[in-house]
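Novice: Submitted below is the structure of interest, expressed as structure tokens.
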Amino acid sequence: MTRTVSAVPWATGAYDRAVVAGRGPLYLCRPDGRRLLMDVERWCAAPDAADRTVLRRCSGSVLDIGCGPGRMIAALARAARPALGIDTAPAAVARSRAAGGTALLRSVFGAVPGEGWWGSALLLDGNVGIGGDPAALLRRVARLLAPGGLLIAEAAPEDVDERFPARLAVDDGPPGPAFPWARVGSAALGSRAEAEGWTRAGSWTVAGRPFLALVNRS
């Protein structure tokens, strides 16, 4: 049964403001007080060398989960490749559309067009953390992809496997409301994926960003 997840707290807050401005600083705040700087400028720019390795591996129609400002779906659209981005932040969807991509305002755990026939799915920029439960997210993506479909997921650059209530903050301002999040490194993500029935099809790292290619066996 599909689980319904409400929009995360950044949908009308700090994240939307950063996307509209096209820059940070925007921080992901952990319960232990550490702040992780989010790369808003890169998200709002054209695809970089690491992104292009992902684009070359995509096959068929592409679903970008948590598409953000839409650099990937806009690049696919320019190459006349069928692609859809989904995001829970209105500003991200608006910016994706303005860049020339097709994007919808919705959660991956809600109704997604074309469920079961997407050729490729993307979970980039930390989006394996969506919902705070990577195993549940992997199961959901498996239902969205066609049998044999490809998931390209970007892992955390550290060897971590953690779930925690996160908050967003702009600059040195107070953090916003908490939402469930996860950070998973390559080793842990590969193990979780195999446990959920995925087959590893490759891994690579560019500019410190590690990626895994996973094939849907459903």
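Novice: Ignoring ligands, DNA and RNA, what percent of the 1.4 Å accessible area of the chain is carbon and sulfur? Let's see the in-between values first.
Specialist: Details: 5090 of 9260 Å².
That fraction is 55 percent.
Novice: If you don't mind, there's one more thing I want to ask. Please state, to two decimals, what the Cα-based radius of gyration of the chain comes to when divided by 2.2 N^0.38 Å (N = residues).
Specialist: Details: Rg = 15.9 Å, N = 218, 2.2 N^0.38 = 17.0 Å.
Its radius of gyration relative to the 2.2 N^0.38 Å reference: 0.93.
Novice: May I ask you to rank Met72, Met38 by accessible area, largest first, using a 1.4 Å probe over the protein chains only?
Specialist: On the way: Met72 5, Met38 30 Å².
Putting Met72, Met38 in descending order of accessible area: Met38, Met72.
Novice: Using modelled backbone amide H atoms (1.01 Å from N, in-plane), which distant-in-sequence or interchain residues come within less than 5 Å of Ala121's amide H?
Specialist: Long-range HN contacts for Ala121: Leu63, Leu150, Leu151, Ile152.
Novice: Do the sum for the chain: with -39,500 (n - 2.57) for every DSSP H run of n ≥ 4, divided by all residues, what is the mean residue ellipticity at 222 nm, to the nearest 500 deg cm²/dmol?
Specialist: Values: 7 runs with 59 residues, N = 218.
That comes out to -7500 deg cm²/dmol.
Novice: Considering amide H positions built from the backbone, and no H for Pro or chain starts, which residues 5 or more places from Gly85, or on another chain, come under 5 Å of its amide H?
Specialist: Excluding prolines and chain starts, which carry no amide H, the hits are Asp64, Thr102, Ala103, Leu104.
Novice: R0 = 30 Å: FRET efficiency of Thr199 with Ala46, Cβ-based, nearest 0.05? Please report the intermediate quantities before stating the final value.
Specialist: Numbers: r = 32 Å, r/R0 = 1.05.
Approximately 0.40, to the nearest 0.05.
Novice: Please find, in a Gaussian network model of the chain (springs between Cα atoms separated by less than 10 Å), the residue of Gly101, Gly68, Gly24 whose mean-square fluctuation is greatest.
Specialist: Gly24
Novice: Counting Lys and Arg as +1 and Asp and Glu as -1, each charge on the Cβ, what is the dipole of the chain about the Cα centre in debye, to the nearest 20?
Specialist: Values: 26 positive and 20 negative charges, 101 e Å.
For this selection, approximately 480 debye.
Novice: Can you tell me which of Gly149, Gly114, Gly126 moves the most in a GNM of the chain? Springs connect C-alpha atoms under 10 Å apart.
Specialist: Residue with maximal mean-square fluctuation among Gly149, Gly114, Gly126: Gly114.
Novice: Where the only charges are on Cβ atoms (+1 Lys, Arg; -1 Asp, Glu), what is the dipole of segment 13-104 about its Cα centre, to the nearest 20 debye?
Specialist: Details: 14 positive and 8 negative charges, 33 e Å.
Computed charge dipole of segment 13-104: roughly 160 debye.
Novice: Between Asp39 and Arg163, how high is the FRET efficiency from 1/(1 + (r/R0)^6) when r is the Cβ-Cβ distance and R₀ = 22 Å? Nearest 0.05.
Specialist: On the way: r = 22 Å, r/R0 = 0.98.
E(calc), rounded to 0.05, equals 0.50.
Novice: Still on this structure: I'd like the Kirkwood hydrodynamic radius of segment 172-218, using the inverse of the mean 1/r over distinct C-alpha pairs, in Å. Provide the component values of the computation, followed by the final result.
Specialist: Details: mean 1/r = 0.0776 Å⁻¹.
Value: 12.9 Å, from the Cα pair sum.
Novice: Among Gly131, Tyr15, Leu76, whose Cα sits farthest toward the positive end of the charge dipole of segment 1-131 (+1 at Cβ of Lys/Arg, -1 at Cβ of Asp/Glu, about the Cα centre)?
Specialist: Leu76
The values are calculated or read from the model by the stated rules, or taken from the named source; none is laboratory data. Computed from a prediction, not measured in an experiment: that's the story for all the values here. Because the Cβ atoms are built from the backbone with ideal geometry, glycine has one as well, and the counts that use them run over all protein chains shown. Note: accessible area is taken over every heavy atom of the protein model, side chains too, but ligands, DNA and RNA are not part of it. Shrake-Rupley method; radii C 1.70, N 1.55, O 1.52, S 1.80 Å.
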